[in-house]
1. Against the condition touching a Phe, Trp or Tyr at 6+ places or on another chain (Cβ under 8 Å), part of a helix (DSSP H, G or I) and modelled with pLDDT of 95 or more, how does B:Asn429 come out, does it pass?
2. Which numbered condition in (1) within 14 Å of chain A (Cβ to nearest Cβ); (2) free of Cβ contacts under 8 Å to residues at least 40 places away in the same chain is the only one that B:Asp231 fails?
3. Considering only region B:91-115, state which residues are under 18 Å from the mean Cα position of the chain (by Cα) and either closer than 23 Å to B:Tyr136 by Cα or of a type in the set (A, V, I, L, M) (or both).
4. For region B:51-70, give me each residue that is over 26 Å from the mean Cα position of the chain (by Cα) and either hydroxyl-bearing (Ser, Thr, Tyr) or not in a loop (DSSP other than H, G, I, E, B) (or both).
5. If you take the residues of region B:238-265 that are part of a helix (DSSP H, G or I) and in contact (Cβ under 8 Å) with a residue 40 or more places away in the chain, which of them is nearest to B:Leu453 (Cα to Cα)?
6. Looking at B:Glu250, B:Glu313, B:Glu285, B:Glu293, which is the one that is buried (at least 16 other Cβ atoms within 10 Å of the Cβ) and charged (D, E, K, R)?
7. Could you look through region B:190-231, keep only residues that are assigned to a strand (DSSP E or B) and out of contact with any Pro (no Cβ under 9 Å at 6 or more places or on another chain), and pick out the one that is nearest to B:Val242 (Cα to Cα)?
8. Kindly indicate the residue of region B:17-45 that is touching a residue at least 24 places away in the same chain (Cβ under 8 Å) and either assigned to a strand (DSSP E or B) or of a type in the set (D, E, K, R) (or both) and also surrounded by the fewest Cβ atoms within 10 Å (Cβ to Cβ) among those meeting that condition.
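The values are calculated or read from the model by the stated rules, or taken from the named source; none is laboratory data. Remember, it's a predicted structure, so these values are computed and weren't measured experimentally. As a convention, Cβ positions derive from the backbone with ideal geometry for all residues, glycine included, and neighbour counts pool all protein chains shown.
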Amino acid sequence: MTEKKFDIDNLAKLARINLSDSEKSKLEGHLGQILEYVELLSQIDTSDVKPTSHVLPLRNVCREDKVTPKDDTVNYLELAPQKDKGHYEVPQIIS
Amino acid sequence: MHRKTILQARDDLKNKKYSACELLEAIYNRIDSVEEKVRSYIHLSKELALEQAKEADARLASGDDAPLLGIPIALKDLICTKGSRTTCGSKILDNFVSPYDATVVKKLKEAGAVIIGKTNMDEFAMGSTTESSAYYPTANPWDLSRTPGGSSGGSAAAVAANECIAALGSDTGGSIRQPASFCGVTGLKPTYGRVSRFGLVAFASSFDQIGPVTKTVADAAYLSGIICGNDPMDSTSANVSVPDFMAGLEKNVKGLKVGLPKEYFSSGVDPEVLENVQNSIKALEKLGIEPVEIELPHTQYAVATYYILACAEASANLSRFDGVKYGFRSESSGDLNKMYTNTRQEGFGDEVKRRIILGAFALSSGYYDAYYIKGQKVRTLIKKDFDQAFEKCDFIAGPNSPVPAFKLNEKLNDPLQMYLSDIFTLSVNLAGLPGMSIPCGFTSQNLPVGLQLIGRPFDEETILNIGNQFQKETDFHKKFPNL
C-alpha cells in the first residue's frame with residue numbers, strides 16, 4: 001500500500017458517519033486499495049484539459065414566478081421521525 | 001400469460017383474450033410460485049394494483065386506447081411512488097412513503113400501466129450484485145447460486161423470471177445493462193437527460209438515468225416512447241424532441257457501420273463471453289452492417305474516474321439522509337451531531353458508507369484538485385474518445401460485461417474487483433451516451449451473455465433499430481430459465 005493519505009477519523013467527521021473501530025479498520029483497508037488503484041490517473045497529462053462536470057450544455061431553467069395554492073406541509077411533516085407543533089423536532093443544538 | 005411481452009399483452013387485452021385483472025392475477029400467481037427462490041421484489045402493492053387493473057378493464061371496455069392500459073409493470077425501488085414505500089434498498093428509508101409520484105410513474109399511470117411492486121436493488125443503487133440491499137440478495141433466475149447483477153438486479157430478475165411484463169431500472173454506471181446481461185433480458189440506458197429524474201432518488205446526479213428492462217428490444221422502444229421527454233421538474237432533462245422509436249425499429253440497417261473498440265475485445269474478457277459477442281458481430285455483418293475497428297484509448301482509466309466522480313456526487317447527495325425530515329432516526333440519544341452520525345451509522349450499509357467516505361475524501365481540502373478535478377478532466381478525455389470514434393461509425397458494439405454472472409458472495413469483500421467488472425458500461429455513463437444490453441448467447445454453464453450497443457448522444461433510435469433486427473434473426477431473447 002502506498003503512504004496513507006487519509007485520516008479516517010476526519011473523513012468520518014466530514015461525512016457525518018459514526019464508525020466503529022472494526023468499521024474503520026475495514027474501510028481503511030478498502031480505501032487504501034481503491035486509492036492505490038486510482039493513482040493510475042496520475043499517468044495522464046491533463047494540464048490542457050478542461051474538466052467536465054456535466055455532459056450536457058446546462059442552462060439555467062427558469063419558470064414563471066407564479067403562486068401555486070398547493071400547501072403540502074402536513075403531508076411532508078407526516079414523514080418526519082419526530083415533529084412538534086408543525087415543526088421538525090431535533091435534539092438540543094447548543095448545550 | 002406471464003410470459004407475454006408488452007406488445008403481445010397489449011394485443012391480447014385489446015382482443016379480449018383475457019382481462020387486465022386476469023393478467024395481473026397470473027403475474028401475482030407467478031410471483032407466488034417463484035419469488036421464494038428469486039426474491040426480485042422488496043414489496044408488492046397488490047391492492048393498489050388491483051384497483052388500477054379494474055380501472056384498466058373499465059377503460060378497455062369503453063374502447064380507451066392508452067398505450068399501457070392494463071400492463072403490469074415493476075419499478076426499481078428508488079423510483080418514488082405516491083402511496084407505497086420507496087426504500088432504495090436501505091434501512092434508512094425503510095418506512096418512507098413518497099408524497100408524490102416520480103415523473104416516469106406519472107407517465108406510466110397516465111398510459112394506463114398497473115404498478116405491481118418495487119424491485120430489489122443494491123442499497124442506493126451502489127453495487128453490481130444486488131447483495132448490498134438491506135433486505136436480502138436477489139438470485140439469478142438462470143442459476144440461483146449466482147447474482148442477477150446490479151444494481152437493478154431485482155428488475156432484471158423479475159423480467160427474466162416472468163414476474164412482471166416489463167420493469168424500469170436506473171443506470172448510473174451500468175446498473176440497467178449489467179443485470180440485463182446477467183439475466184438474459186434487454187436493458188436500455190437512454191442518453192443522459194432523455195428521461196426525467198424527478199422522483200428518482202439521486203445517487204450521482206450527472207450520471208443517473210432511468211430506463212426500461214424488458215423481454216424484447218421492441219418492448220424497450222415502446223416503453224421508451226412513453227417515459228422519455230423533457231420535464232420542467234428536472235432542470236437537467238434535455239429539451240430534445242423524442243422520435244417515434246417504434247417506427248425506427250424497422251429501418252433498413254444495411255450499410256451502417258459498427259465500431260469495435262479494440263480495448264473491449266482484450267484478453268481481460270472471459271473467452272466464452274468473447275466468443276458469443278464475436279458470433280453476434282458476425283450476425284450483424286449478415287444484416288449488412290460493416291465492422292470498423294476503433295480506439296477508445298482512455299478506457300483503462302474509466303473505472304478510476306467513475307468511482308471518484310460518482311462517489312463525490314453521492315457523498316453530497318446522500319447528506320440529505322440525516323434523520324430529520326424523513327426516514328430512519330437513531331434511537332440512541334445525544335446532541336444533534338450525535339443524532340446525525342448515529343442515524344447514518346445505523347441506517348447505511350457498508351457499501352454506501354464506503355462510497356460516501358471515498359467521495360468525502362475526493363472533495364476534501366487538499367485533495368479536491370488531485371482527485372475530483374482530475375477525474376473531471378479525464379472524463380473530458382473519455383468523452384472525446386467517443387466523439388472521435390463516432391466519426392468513423394454509426395454505433396459501437398462489444399461485450400456488456402467482461403464476465404457472466406458472478407457467484408453470490410464472490411465479490412462482497414473485494415469492492416475493487418466488483419468495480420472493475422463495470423469497465424465497459426460505466427464509460428458510457430461518463431460520456432452520457434445511450435447504451436443497451438441485449439441477450440447474445442449462453443456460456444457452457446447456460447449463463448446468459450449480453451451484447452452492448454452504444455449510440456451517439458440522443459440516438460437511441462439506431463441502437464434500438466439494430467437490436468430489433470438482431471432479435472429478428474436470433475432467439476436468445478426467447479429463452480426462459482427453468483424455475
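1. Numbers: touching a Phe, Trp or Tyr at 6+ places or on another chain (Cβ under 8 Å): yes; part of a helix (DSSP H, G or I): yes; modelled with pLDDT of 95 or more: yes.
The answer is yes for B:Asn429.
2. (2)
3. B:Ala102, B:Val104, B:Val105, B:Leu108, B:Ile115
4. At the first step, the residues of region B:51-70 found to be over 26 Å from the mean Cα position of the chain (by Cα) are B:51, B:54-65.
Listed by number, the residues that qualify are B:Glu51, B:Lys54, B:Glu55, B:Ala56, B:Asp57, B:Ala58, B:Arg59, B:Leu60, B:Ala61, B:Ser62.
5. Filtering region B:238-265 for residues part of a helix (DSSP H, G or I) gives B:245-248, B:262-265.
Then drop every residue that is not in contact (Cβ under 8 Å) with a residue 40 or more places away in the chain, which leaves B:245, B:248, B:264-265.
Numbers: B:Phe245: 16, B:Gly248: 16, B:Tyr264: 12, B:Phe265: 14 Å.
Within region B:238-265, the match that is nearest to B:Leu453 (Cα to Cα) is B:Tyr264.
6. Working: B:Glu250 fails: buried (at least 16 other Cβ atoms within 10 Å of the Cβ); B:Glu285 fails: buried (at least 16 other Cβ atoms within 10 Å of the Cβ); B:Glu293 fails: buried (at least 16 other Cβ atoms within 10 Å of the Cβ).
Of the residues listed, the single one that is buried (at least 16 other Cβ atoms within 10 Å of the Cβ) and charged (D, E, K, R) is B:Glu313.
7. As a first pass, look at region B:190-231 and keep what is assigned to a strand (DSSP E or B): B:195, B:200, B:209-214, B:228.
From the residues that got through so far, the ones that are out of contact with any Pro (no Cβ under 9 Å at 6 or more places or on another chain) too are B:195, B:200, B:214.
On the way: B:Val195: 10, B:Leu200: 20, B:Thr214: 20 Å.
Checked region B:190-231; the qualifying residue nearest to B:Val242 (Cα to Cα) is B:Val195.
8. Filtering region B:17-45 for residues that are touching a residue at least 24 places away in the same chain (Cβ under 8 Å) and either assigned to a strand (DSSP E or B) or of a type in the set (D, E, K, R) (or both), the one surrounded by the fewest Cβ atoms within 10 Å (Cβ to Cβ) comes out as B:Lys37.
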